[in-house]
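First up is the structure itself, then whatever we jot down about it.
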Amino acid sequence: MGQASIDSTGASRGSLKLYLTGFVLSLILTAIPFALVMSGTWSSSATLAGIFSAGIVQILVHLYYFLHLDTSSSARWNVLAMLFTLVIMALFVGGTIWIMYSLHYRMM
């Protein structure tokens with residue numbers, strides 16, 4: 001596979017190097033939370049923040065390297081899809097934190 005290219009609909013096709021970079025970054029971003037939990041050296045709130053941060057970065061890595069959603073594309077729907085994805089990410093992450101806080105409050 002050669003360079004990344006864009007077809008007539010604005011969808012880009014990635015190269016093997018692009019996919020391998022995304023795969024390696026995904027493995028690293030999966031290993032970081034595992035290492036944080038297994039080492040136990042950080043406080044529980046710092047570990048939780050590290051897990052959430054790695055999860056959000058991994059979502060962005062998947063969007064960029066595997067779904068090829070970036071702002072450089074000339075197709076307008078790519079930008080709209082990215083904005084919609086960011087809204088959905090905010091709802092999922094915010095809703096998860098809200099539910100976890102509510103459950104913690106009700107359990108104590």
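The values are calculated or read from the model by the stated rules, or taken from the named source; none is laboratory data. If you're wondering where the values come from, they're calculated on a predicted model, not measured in any experiment. Every residue, glycine among them, receives a Cβ derived from its backbone with ideal geometry; neighbour counts consider all protein chains shown.
How many residues are within 8 Å of the chain's Cα centre (by Cα) and in contact (Cβ under 8 Å) with a residue 12 or more places away in the chain when one looks only at the stretch 56-71? Give the steps one after another, and end with the answer.
Filtering the stretch 56-71 for residues within 8 Å of the chain's Cα centre (by Cα) gives 56-63.
From the residues that got through so far, the ones that are in contact (Cβ under 8 Å) with a residue 12 or more places away in the chain too are 56-59, 61-63.
Number satisfying all stated conditions: 7.
Scan Leu48, Leu63 and give me the residue that is surrounded by 11 or more Cβ atoms within 10 Å (Cβ to Cβ), of a type outside the set (Ser, Thr, Tyr), on the phi < 0 side of the Ramachandran plot and at pLDDT below 95. Walk me through it before giving the result.
Details: Leu48 fails: at pLDDT below 95.
When all the criteria are applied, what remains is Leu63.
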**OP:** All but one of (1) modelled with pLDDT of 85 or more; (2) exposed (fewer than 15 other Cβ atoms within 10 Å of the Cβ); (3) more than 22 Å from Ala35 (Cβ to Cβ) hold for Met89, so report the exception by its number.
**Re:** (2)
Subject >> Selected residue (only one of Thr96, Thr85, Thr41, Thr47 is assigned to a loop (DSSP other than H, G, I, E, B) and among the polar types (S, T, N, Q)) >> reply: Thr41
**OP:** Kindly establish whether Thr30 is assigned to a loop (DSSP other than H, G, I, E, B) and modelled with pLDDT of 80 or more.
**Re:** no
Original post:
Given the conditions (1) among the hydrophobic types (A, V, I, L, M, F, W, C); (2) farther than 21 Å from Gly22 by Cα; (3) assigned to a helix (DSSP H, G or I), and given that Phe52 satisfies all but one, which numbered condition is not satisfied?
Top reply: (2)
